[in-house]
Each structure stands twice: as C-alpha cells, then as structure tokens.
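Every read-out reported here was derived from the displayed coordinates using simple, explicitly stated rules and does not represent laboratory data. Nothing here was measured: the structure is a model prediction, and the numbers come from that model. Cβ: placed from backbone, ideal geometry, glycine included. Neighbour counts: every protein chain shown.
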Ligand SMILES: [Zn+2]
C-alpha cells in the first residue's frame, strides 16, 4: 500500500490482525507498508487501482503474500519475505474481500465495489459514442473540431486536448473501438481518458459527466448479451477467467495468434455468481489467460494426453478411458451438431464414480456442476448462462424431482426443444429454458425411462485396485487439469473449422436400433480429426446395444 492516507483510512488493523505489517519510510519521507499474508488457498494476484494508479497490490509467492510496492528512485520494487513465514499466521481468504471492501468504501465506489465499477467503465467505453462526446466537450468551450475529416472507420482533426497546439490533423478517433490517439502529442485512450485529459476529471467525475449529458443511460448494461462462447465470422470465441478474476474472451486473430479481448460488439462474458463472503463461486471451470501461451498439440498428442490424464486419476477399463476421452473432445465441438448423447458413470457407492465424473468433466467444455443437492430450477438457470457440459453427481432422484429431470434430460438431446416451467409466484408467467447441451451423469441405478437410458454412453467402473491412483485430488491434479483445459481450448480455437458438423458417420450397417444411432452419429464428428476412434466407438455401440436389450428384458420380467 503506497499511500499513508489510504492505509490509515482503511484501518487495516481490524482485517490485518493475523498478518505481519511492516512500516517503511521511503526516500521522499512518506510511509509505505508491506503486509505479509500466509494463505492455504491458491493465490490470486490482486491489484486495486484508483484513477489508473495502483494503490494496493497483493502478490503471491510460495503461498506467502507480500503486499505493497516500495517505490525507489529506480522504479517500483516488490520484496518477498519468504524466509520467515513462521511469524505470520494463516489468513482467511476473506481477507482480500475485506481489504477490497474497505478500499471501495474509502473511494466511495459503492456497495458492489470495484467489480461493478470496472464493469461500468468497460460498458461505458464500449458503448459510448466517443466522437459525439469529444464534439460536445469542444463545443462546450465555444470551439469546433478543426480540419475535421470523416474517413469511414476513423475520423481526423486537429488535437482538441488543452496542452497541445496542433497545426495539422494529428488527432484520430477510431469509431470501431471507441478510442482515440494523437500522433502529435502521443496521448490516447477511451472516452474516460479523454474527459480526464480534457477537463482534468477523476474517473468518477468523468462517469458522472457522461451520465448527466445522457451519453450513458442507466439501463445501458441491459443491452448487452452475455455469452460464454460463440462463433462469429467463422471464428470461435471462448470465455476465460484470468487469475486475477477478470473475464475475457480468447480468440484467434488474423495472424492466427490467440488474443484476449474484453468483449465483441454487444457481447460480454458471463460472470460467475459471488458468494455471501464475496468470493467467486467457481461452479464453472474455464480456461485462463495461459491459453494464449499454451502449447498447440497435434491431434494425436492431445488425445494421448487426455487419456493419460484420465488413467492417472481413474481406474477404468481401457474402453471406458477411450470413451471418456472421445466424449471430452466431443463436448468442445457439440455446438456444431443438433443432437447429443450424454455420458453416464453407473456404479454402486464406493466404486469411484464421483472421481471419474470430476476428472472427466473438469476438462470438458465449460463443465457446470450440479450436485445432488442443487435445486432443479437453480441448475437450469445456471445452465441457461453457460450452455456448457452439465455435470450431475448422485443423479438418483425420486418423485417429482426425478420426473422433471428426466423430462429436462430428454428434451436436451435435441436442439430447439425447450423446457417450460411456470413461475411459482405467478403461474401466469412461464419461463423457457434451453436444455440442449452435453451432460455427464453419475448414478447408482439406471434411469427407469427407456428413452433416457437409450441416449446414454454408459460406463460402469470397477472398484479401484491400482495403488497408483491417488486417494485425494491435490494441487498437482488441479494444475494438470488447468493446463490441459488450456491446451484443449487452444487446440479447439485453432481447429474449429476442421470439424464439420454435417459430416457424421453412418451406423446403419451395424444393425443398431435407431435411438443408439441418434446417440452415436453426432459424436462421430470428432472422428474427422481422430479417425482411430471410429472402430473403438463402433465396438462400444454394439456392446451398449446388448446391454440395453438386457435392461429392457429385466424391465418386462419385473
Ligand atoms: Zn495532441
């Protein structure tokens, strides 16, 4: 924390009771503080900036955090106190939230604080018409934009900034990005930076001015679409969550590099829910910023790596591992097809099916967890935002819940089959849900509904005998899963157009029943890239046909 006034105003004594605080006096005589924190949670680097200046920075280093930059004449330096961690008590992860809240209050950033503030800035800069704001500013001073020309995507004029006497039109306004740059004085930025430069406003004052002049309407936010993933101009856009909790999209730019951007036109990333303690509820696993630097694996290498990852953490028969691997890959391409099947782990308690569910789903396309205890409508609502892979553990429901879920699952096999629910508070209102997506389910007993059962790729795990399977999933696992998720995402971004959703294999020659064909066909699109899978998959489908016949027989006898 590099400002004494902030430090004393924050009264960190309360939240920093368990930390070690070190006061320092810098070369210019002002006081700076280091706060050392030990935490058991994976560390996120947090930066709190005000007026574009970093005020608080908390950085992670070997589970020991050091906060506060010490500016020296040579520039800002961070020190790491990794030698005496014993002095410092472990601190509740809520510490970050507490500091952030105090800091937000100090700056009057409102109840929701920095997150909504940065969201506001983002939406303002994306959506405000910068040209008309600049024109208004200049006209409010009784002047005009001089030597103004409109060149389509951009406009030029003499620099209107007060510090620059521009004799030629060096100032450029870019309409697409709502930004400006002056080639004379090298100043550039968005509508907020312009107001700061022009009037000497703070960010808050700039936002207020935009509201007063009607440039931002309060309901502006509503005009955005929220999407976790989409295709535009033949390119795929995948939402990522950076390690400092920023949402962005990863996409391939024109030079085929992975680039991270905040939003596309009126589309912004979906945000995760926030818990009562103010922490992000990580109910959806997504790639992070390392997707841009991760290795681009060949199709064969990627397949092998996924198989090795699943085998390392799950004791499954070879066919189960193969099937799981192909299903993982399919989830990343499922939006290209109009029908899907689900993957199901079927076994009694104690056979490790929850482990398999976790390990396989963690590397799927936006896995959204819905534990046995989540409410049905809560699950549907979450899924409406993400349209990823719905992950259902302990799916052995009974009664009303079972019948609703079976209806939801059965509607979700095909695109554009909506699920309608009456609003409990107002039965005249109906809510519409789109259940179409890939799903992974773990359960003890098969579904009683044959239509559901017939659309499942089912794997029955056996009790684990392999000593090498770790009992608990630790840090190593989570790191490996995160890396693999990034590698798959990178691969999918690059190869998005190499999988044609129309080119499915035909399984009619196998003599399998129609519902199994409907299950098998869409998944076969990935054999365009991994053609070795075709034979394995055909073998599995024939085996599954026998299983289903047995189940049906048992049903009739019963
Ligand atoms: Zn200028």
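Values as computed for the structure displayed
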| read-out | value |
| --- | --- |
| Shape of region 420-534, Cα gyration tensor, a/c cut at 1.5 | rounded |
| Potential lengthening between residue 139 and residue 213 on full extension [0.36 nm per residue; Cα-Cα distance subtracted] | 25.3 nm |
| Of every Cα-Cα pair in region 292-413, the percent that sits beyond 21 Å | 44 |
| Mean-position separation - Cα centroids, region 453-505 and region 132-195, in angstrom | 51 |
| Efficiency of FRET between residue 255 and residue 403 - r from beta-carbon atoms, R0 41 angstrom, step 0.05 | 0.20 |
| At R0 = 25 Å, FRET efficiency that the Cβ-Cβ distance of residue 448 and residue 354 yields, to 0.05 | 0.70 |
| Segment residue 312-residue 129, extension gain: residue separation times 0.36 nm, minus the distance between their alpha carbons | 60.5 nm |
| Per-selection metrics, region 299-553 (Cα): Rg and Dmax in Å | 17.8, 58 |
| Largest to smallest principal axis extent of the C-alpha atoms in region 231-284, angstrom | 42, 21, 16 |
| Gained length - residue 235 relative to residue 549, 0.36 nm times residue gap less alpha-carbon distance | 108.8 nm |
| Relative exposure of 25, 242, judged by other C-beta atoms within 10 Å (fewest first) | 25, 242 |
